[in-house]
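I have placed the structure first, in the form of structure tokens, so that the comments after it can refer back to it.
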Amino acid sequence: MRPVTKITIFGFRLAMVVLAVYWFCIFVGTHLPNMGEMVDLRFRVNDKVKHFCAFFLLGGLLCYVTNSPRWLKRFAIIGLVGMAYAAIDEITQNFIPGRYPDILDFVADAAGLWTAITIYVGAKCIHLVFRQEPSDEKIA
């Protein structure tokens with residue numbers, strides 16, 4: 001069985017396709033006009049929790065699809081790109097009827113993003129520690 005990271009669709013890695021589709025869905029979801037309570041099909045969850053979860057998943061996907069031996073640079077770029085997108089997302093909502101930019105939404109976005117990065121790095125470190133073979137077995 002092939003690992004998930006090697007599966008391709010039309011020559012593109014599945015993980016990259018999932019990231020692109022998810023990012024597009026975030027963009028569309030945050031730029032639809034606010035219809036108010038008239039057509040509220042959304043879950044009754046706090047708006048900041050939605051922002052945190054959306055960017056937590058985005059951060060996790062960004063960590064998963066990227067690869068570099070320079071961890072600090074890799075995750076710093078992921079964090080900065082994610083935060084830049086969060087800022088642009090909040091600013092552009094000002095042009096959508098019924099929407100407005102909110103600094104607390106940006107804070108929730110950044111918190112979700114950096115939480116995902118932190119958990120990913122922690123899990124990666126734990127995986128590397130437990131994956132290493134004892135030095136006696138490497139010789140044989």
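Laboratory data are not the source of any read-out in this text; all were calculated from the coordinates shown. This one's a predicted model, so the numbers in the text were calculated from it and none came from an experiment. Quick reminder, even Gly has a Cβ in these numbers, built from the backbone with ideal geometry, and neighbours come from all protein chains shown.
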Net charge (Lys, Arg +1; Asp, Glu -1) of residues whose beta-carbon lies under 14 Å from that of THR115, THR115 excluded, is 0
Provide the packing ranking of 60-73, 100-113, 82-95, 119-132, i.e. peptides ordered by the mean count of other C-beta atoms within 10 Å per residue, highest first.
100-113, 82-95, 60-73, 119-132
May I ask you to evaluate 6.51 cos²θ - 1.76 cosθ + 1.60, the Karplus curve with θ = phi - 60°, for each residue of segment 17-29 and list the ³J(HN,Hα) values in order in whole Hz, giving x for glycine and proline?
5, 4, 4, 4, 5, 5, 4, 4, 5, 4, 4, 5, x
By the scheme Lys and Arg +1, Asp and Glu -1, what is the net charge of all other residues having a beta-carbon under 11 Å from that of ALA87?
-4
Which net charge results when you count Lys and Arg as +1 and Asp and Glu as -1 among the other residues whose beta-carbon is under 15 Å from that of ILE78?
+3
